[in-house]
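A short worksheet on the structure shown next.
The values are calculated or read from the model by the stated rules, or taken from the named source; none is laboratory data. Since the structure is predicted, the reported quantities are computational estimates derived from the model, not experimental observations. Note that we place each Cβ from the backbone using ideal geometry, even for glycine, and neighbour counts take in every protein chain shown.
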Amino acid sequence: MNVIEFNGIYEVRYSYEEALARGDKQFSGRPCRHGHGTMRFMANKDCVKCRAIVKNKARDRYRKKVAAKAPKEPPKSYTPPGLSDKEQWAYRAVRSPSRKALHAEDIIPLLVDICPILEIPLNYSTVGVGHTAPYNHASLDKIDPSKGYVVGNLQVISKKANAMKSNATLEELRTFVKNITARLL
């Protein structure tokens, strides 16, 4: 153990054997070839300051590499900020692979506040991951299923109207029949 004065500060330095016995991570050895201090790591006897310089240089190289890359273009499904819930829903509705020919601008004119089939208010809010959409959530429907998702063959209706065959009440079915026959005639 040596007591050394360095710039008015007294430091206690241990040799390799003393630091090994104490369980320290650093010991005081000879100065490195670059003239840095005498502190070295126990594991590989590298100079503490040299390793810090190498790490900082590597970090700077990485930052320059990342900064040099061009910014990525937003994906097709990118939703611009500042849109209403309805407009955000239109952007989410075209993300499906089967709807890849559609654009949100094609769907925005079709957005309505009331389901045209069941006459219930539509919900356009975002449904969280792992949560089921409510029955009044907006759903993009093909009027004629054989034509697919093309402009002119689409309507926005409620999720329940889109799945009416499975769980509808008699009153909902009457409203459904009344409105669907009015559209077909």
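Looking only at the stretch 92-105, decide whether some residue is touching a Lys or Arg at 6+ places or on another chain (Cβ under 8 Å), within 30 Å of Thr181 (Cα to Cα) and touching a residue at least 40 places away in the same chain (Cβ under 8 Å).
Checking the stretch 92-105: at least one residue is touching a Lys or Arg at 6+ places or on another chain (Cβ under 8 Å), within 30 Å of Thr181 (Cα to Cα) and touching a residue at least 40 places away in the same chain (Cβ under 8 Å).
Which pairs have Cβ atoms under 7 Å, sit 6 or more apart or on different chains, and link a residue in the stretch 124-141 that is assigned by TED's automatic domain parsing to the domain that holds Lys160 and β-branched (Val, Ile, Thr) to one that is surrounded by 13 or more Cβ atoms within 10 Å (Cβ to Cβ) and part of a loop (DSSP other than H, G, I, E, B)?
What qualifies is Val127/Ala133.
Suppose we filter Arg40, Arg63, Arg92, Arg30 for residues that are outside the structural domain of Val127 (by TED's automatic domain parsing) and either at pLDDT 90 or above or within 23 Å of the chain's Cα centre (by Cα) (or both); which single one remains? Outline the logic, then answer.
Working: Arg40 fails: either at pLDDT 90 or above or within 23 Å of the chain's Cα centre (by Cα) (or both); Arg92 fails: outside the structural domain of Val127 (by TED's automatic domain parsing); Arg30 fails: either at pLDDT 90 or above or within 23 Å of the chain's Cα centre (by Cα) (or both).
One residue alone meets the criteria, Arg63.
I want to confirm something. Restricting to the stretch 130-149 and keeping residues that are under 21 Å from Glu87 (Cβ atoms) and in a loop (DSSP other than H, G, I, E, B), which single residue is modelled with the lowest pLDDT? Step through it out loud before you land on a result.
So the first thing to find is which residues in the stretch 130-149 are under 21 Å from Glu87 (Cβ atoms), and the list is 133-134, 136-141, 149.
So of that shortlist, the ones also in a loop (DSSP other than H, G, I, E, B) come out as 133-134, 136, 149.
On the way: Ala133: 82, Pro134: 87, Asn136: 90, Tyr149: 87.
Applying the filter and picking the extreme gives Ala133.
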